[in-house]
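Report on the structure given below.
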Amino acid sequence: MSNRRVDEDKRATLRRFAALGAATPLVGLGGGDDGDDDSSGSSDARDAIVGYVASTPGAHFSKVRDDLQLGTGETQYHLRNLVDDDTLEVRRDGDYKRFFPASRFSEFEQVALGYLRRDTPRGMLVHLLRDPDATGSELADRLGVSRATVSTYAKELDAVGLLSREDGYAVRNPETVITLLIRYADSFGSDAAAFADDAAELIRFDP
C-alpha cells in the first residue's frame, strides 16, 4: 500500500507539472522521443521537467529530480535533451548546475535566482529590502547565523553584482530582485512568501 501511494503521488506530481510544461512554447518542437512507441511516460516526465523549471527557475539538478520523484538517469536524459534542443538552458553555479527556460532571463536575473534559492543569501536580500539600514550583525541575529557567514555571503553577493558594500549593505537592482521574489515566491521559502504578501508597501508605481 505504501509503494502504491508513493507511485500515485509521483504520477500526480508529474501530471501537475506536465500540464504546465505542455503549455510552454517550444516544448514539443525539439523531440525528446527516444523512438519507443510507448513514450507517454517519457513525454510526461519531459513535460513535467519543463513545467517545473518554468515555475521554479534556477532549480538545480537534484531538486528537479527529487521534487519530481524521477530517477537520476531519467532526469539526466531529459535535461540533456531539453538543453540540446534549446527548450532549457543551464548555468554553472559553483557545484550546481541550475536550469532555466531558454531565453527568458538575463544574466543578472539568472544569477539572482541562483542566490535566491539559497536560504542565507535569500534571507539577507529579503531583510535588506525590508530594512536597508540593517547591519551585518543584525542580519546574523535575524537569520540565526554567524557574523562571519553573513560577511562571506556579502562578499559573494557583492562580487556577482547583487549587493553593494560601499556604505553598509545595499541591494543592487532592487526592483528586479523584488520582481523575482514576488513572481516565484511560492517556489522559495516562507520568508519570500511573507515578503510577497507585504510587497505592495515596498513597490512604487509610476503611472
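The values are calculated or read from the model by the stated rules, or taken from the named source; none is laboratory data. From a predicted model like this one, the values you see are computed outputs, not experimental measurements. Ideal geometry is used to build each Cβ from the backbone, glycine not excepted, and the neighbour counts take in all protein chains shown. Accessible surface is based on the protein model in full, side chains and every heavy atom, while ligands, DNA and RNA are left aside. Shrake-Rupley method; radii C 1.70, N 1.55, O 1.52, S 1.80 Å.
Among the residues of region 152-192, the one identified as open to solvent by 60 Å² or more (accessible area, probe 1.4 Å) and touching an Asp or Glu at 6+ places or on another chain (Cβ under 7 Å) is R165. Restricting attention to region 125-145, the residues that are open to solvent by 60 Å² or more (accessible area, probe 1.4 Å) and of a type outside the set (K, R) total 7. Residues in region 88-133 that are more than 16 Å from K63 (Cβ to Cβ) and acidic (D, E): E89, E107, E109, D131, D133. Within region 61-107, the set of residues being open to solvent by 50 Å² or more (accessible area, probe 1.4 Å), in contact with a helix residue (DSSP H, G or I) (Cβ under 7 Å, 6 or more places away or on another chain) and touching a residue at least 40 places away in the same chain (Cβ under 8 Å) comprises D67, Q69.
Within region 129-170, the set of residues being touching a residue at least 12 places away in the same chain (Cβ under 8 Å), within 18 Å of V111 (Cα to Cα) and part of a helix (DSSP H, G or I) comprises L129, Y153, A154, E156, L157.
Among the conditions (1) open to solvent by 30 Å² or more (accessible area, probe 1.4 Å); (2) within 27 Å of A48 (Cβ to Cβ); (3) among the basic types (K, R), the only one that R122 does not satisfy is (1).
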